[in-house]
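Novice: One structure is given below, represented as structure tokens, and several questions about it will come after.
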Amino acid sequence: MSSSKSLEWDVVVIGAGPAGYVAAIRCAQLGLKTACVDEWINHQGDASLGGTCLNVGCIPSKALLESSHLYQLANADFSAHGISASSLKMNVATMQARKDQVVSDLTLGIQTLFKANKVVSIHGRAKITAVDTIEISSRETRKKIDELKTRKIIIATGSSPVRLQQAPIENNCIIDSAGALELTEVPKTLGIIGAGAIGLELGSVWSRLGSQVTLIEAMQNFLPMADKKLAALAQRSLKKSLDIRLNARLVSASVKNKKVHIVYEDKSGEQKAAFDKLVIAVGRKPNSDRVFGEELGIEKDERSFILVNEHCRTSVPNIYAIGDVVRGPMLAHKGSEEGIMVAEHIAGNFAEVNYDLIPSIIYTHPEIAWVGKSENECRAAGIKIRVGSFPFVASGRARAMNETEGLVKIIADAKTDRVLGVHIFSAQASELIAQAVLMMEMQATAEDIALTMFAHPTLSETMHEAALAVHGRAIHIKN
């Protein structure tokens, strides 16, 4: 990593996750002298760019989801295609090694991008000590090793897993989401506290490989942030492989004889369970502590999110904050777009983020994806709507793929016909949702989509049919 002693900077970015490294690259592309400070240390003890997403989040989890899905296909679904796979085995060590290689390739790729764009990468812990000054200290010794002077500062320090007092991380038995990505053996029984996106994805990985997975969720409703119909379909599907217990609040967890014993309460009263491993996946909190002192006047809310305006400027004019450390969904793509927006504003250009059209995806199988408003949100806002849906069971391509579970649902304004929301539960929903985002960014109506030609046979034809169904014109189902 390069040094920066006594240099003046146009921009210093704190954090090299998807928000920070993208912001740094775009600032440099715009001709700004840019440094990016990051303190991440990987499992090998080396500095590693990419933040949570690349190191212990989005990328490694998707690598394991892909490996476990292929194993499940070979184990349960290949026979339907006439393929016999006898003596099937999963080598967890090889699976983990492949995941680690994917992570390594991508984190090293950020180093290459930094060099190509002349972004100076500095390893260390950053603290803003004045509106134009950042102190760099060693993560290990906490001793000051450098000081940077800069015109602008972008805080992109990301988030960390929420800890539970009643279930502290312990003895490699009670672990967080990062620990669940590093398991070297398939646990016979796995408990997960939290049935949100992270819990469902981790549960999917290990249940496919043979673990008996139980999810304990305090919320009464399954995936309350998703469209109700899709959430119901997903719950029914996932319950085939996951034991999902809703309205269940964890009381305590303790390790005895290499087993994790938990006590939780549900509508029937106090319950007990025991697992080989227990994963805590109850959400994430912003990493806003240690970055600056109160004397700077950077305001935070009651949950420690840094307060920013629509262009991610904090209460201190030359200091910005982006990504998980500010309001909005904790999603990598949201943080990246904020990073680009802030870079453009610093360079004197206009840019904005459309916070109404941030796609959300849960990478179970089938996948759950949505963008825009749900049916309930529209009705609560008093918006009159038309709804069209199309099931994948009526899709020729889905049948050919043996992936007929799920549907596409399109919500349109009853007066203007403008598409307000698209919700998908299906194989490859994560790819299909991009079409919806593009259509909605272009302010498409359901009629616009209905008049668009889609290739046949494809999964994307379901989008076309759902748009036709908004006005009762679907061809391949009864309206």
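Novice: When you scan segment 379-394, how many residues do you find that are under 21 Å from residue 460 (Cβ atoms) and either at pLDDT below 95 or open to solvent by less than 60 Å² (accessible area, probe 1.4 Å) (or both)?
Specialist: Count: 7.
Novice: Give the residue, chosen from 240, 272, that is assigned to a strand (DSSP E or B) and free of Cβ contacts under 8 Å to residues at least 12 places away in the same chain. Before the answer, list the steps.
Specialist: Numbers: 240 fails: assigned to a strand (DSSP E or B).
Testing whether each residue is assigned to a strand (DSSP E or B) and free of Cβ contacts under 8 Å to residues at least 12 places away in the same chain leaves just 272.
Novice: Being farther than 30 Å from residue 22 by Cβ and assigned to a strand (DSSP E or B) narrows it down to one residue among 191, 210; which is it? I'd like the intermediate steps shown before the answer.
Specialist: Working: 210 fails: assigned to a strand (DSSP E or B).
Residue meeting the stated conditions: 191.
Novice: Which of the residues belonging to segment 74-92 are assigned to a helix (DSSP H, G or I) and within 25 Å of residue 106 (Cβ to Cβ)?
Specialist: The initial filter retains those residues of segment 74-92 that are assigned to a helix (DSSP H, G or I), namely 74-81, 92.
Matches in segment 74-92: 92 only.
Novice: Given the conditions (1) more than 19 Å from the chain's Cα centre (by Cα); (2) open to solvent by 60 Å² or more (accessible area, probe 1.4 Å), and given that residue 66 satisfies all but one, which numbered condition is not satisfied?
Specialist: (1)
Novice: Another question, if that's okay. Any idea which of 376, 402 is over 28 Å from residue 158 (Cα atoms), open to solvent by 60 Å² or more (accessible area, probe 1.4 Å) and in contact with a His (Cβ under 8 Å, 6 or more places away or on another chain)? If you could, list the steps in order and put the result at the bottom.
Specialist: Details: 376 fails: in contact with a His (Cβ under 8 Å, 6 or more places away or on another chain).
After applying the criteria, what remains is 402.
Novice: Applying the selection to segment 292-327, what residues are open to solvent by 20 Å² or more (accessible area, probe 1.4 Å), part of a helix (DSSP H, G or I) and under 23 Å from residue 354 (Cα atoms)?
Specialist: Within segment 292-327, 324 is the sole residue that qualifies.
Novice: Which residue pairs have Cβ atoms closer than 6 Å, lie 6 or more positions apart in sequence or on different chains, and pair a first residue in segment 59-70 that is closer than 9 Å to residue 205 by Cα with a second residue that is assigned to a helix (DSSP H, G or I)?
Specialist: Pairs found: 61/201; 64/99; 64/205; 65/205; 67/95; 68/205; 68/208.
Novice: So, in segment 429-453, of the ones that are of a type in the set (Gly, Ala, Ser) and within 18 Å of residue 363 (Cβ to Cβ), which residue ends up most open to solvent (accessible area, probe 1.4 Å)?
Specialist: Pass one, segment 429-453, residues of a type in the set (Gly, Ala, Ser): 429-430, 434, 436, 444, 446, 450.
Okay, now just the ones that are also within 18 Å of residue 363 (Cβ to Cβ), so 429-430, 434, 436.
Working: 429: 0, 430: 23, 434: 58, 436: 1 Å².
Going through the qualifying residues, I end up with 434.
Novice: Another question, then. Mind listing whichever residues of segment 167-183 are of a type outside the set (Val, Ile, Thr), open to solvent by less than 30 Å² (accessible area, probe 1.4 Å) and in a strand (DSSP E or B)? Break it down stepwise before answering.
Specialist: We begin by selecting, within segment 167-183, every residue of a type outside the set (Val, Ile, Thr); these are 167-168, 170-173, 176-183.
Among the residues that remain, those that are also open to solvent by less than 30 Å² (accessible area, probe 1.4 Å) are: 167, 173, 176-181, 183.
Hit for segment 167-183 is 176, nothing else.
Novice: Exactly one condition in (1) surrounded by 15 or more Cβ atoms within 10 Å (Cβ to Cβ); (2) closer than 28 Å to residue 92 by Cβ is false for residue 264; which is it?
Specialist: (2)
Novice: If residue 232 passes every condition in (1) open to solvent by 50 Å² or more (accessible area, probe 1.4 Å); (2) of a type in the set (Gly, Ala, Ser); (3) not in a helix (DSSP H, G or I) but one, which one does it miss?
Specialist: Residue 232 satisfies all of (1) open to solvent by 50 Å² or more (accessible area, probe 1.4 Å); (2) of a type in the set (Gly, Ala, Ser); (3) not in a helix (DSSP H, G or I) except (3).
Novice: Within segment 116-166, take every residue that is without any contact (Cβ under 8 Å) to a residue 40 or more places away in the chain and in a loop (DSSP other than H, G, I, E, B) and give me the one that is most open to solvent (accessible area, probe 1.4 Å).
Specialist: Once the filter is applied, the top-ranked residue is 165.
Novice: State whether one or more residues within segment 362-376 are farther than 20 Å from residue 431 by Cα and assigned to a loop (DSSP other than H, G, I, E, B). Even if it seems obvious, please write down each step before you answer.
Specialist: Taking segment 362-376 first, the residues farther than 20 Å from residue 431 by Cα are 375-376.
Narrowing the set further to residues that are assigned to a loop (DSSP other than H, G, I, E, B) leaves none.
No, segment 362-376 has no match at all.
Novice: Which number in (1) open to solvent by less than 40 Å² (accessible area, probe 1.4 Å); (2) within 24 Å of residue 159 (Cα to Cα) marks the one condition that residue 331 misses?
Specialist: (1)
The values are calculated or read from the model by the stated rules, or taken from the named source; none is laboratory data. Owing to the predicted nature of the structure, the values given are computational and were not obtained by experimental measurement. Ideal geometry is used to build each Cβ from the backbone, glycine not excepted, and the neighbour counts take in all protein chains shown. The area values use the complete protein model at the heavy-atom level, side chains included, leaving out ligands, DNA and RNA. Shrake-Rupley method; radii C 1.70, N 1.55, O 1.52, S 1.80 Å.
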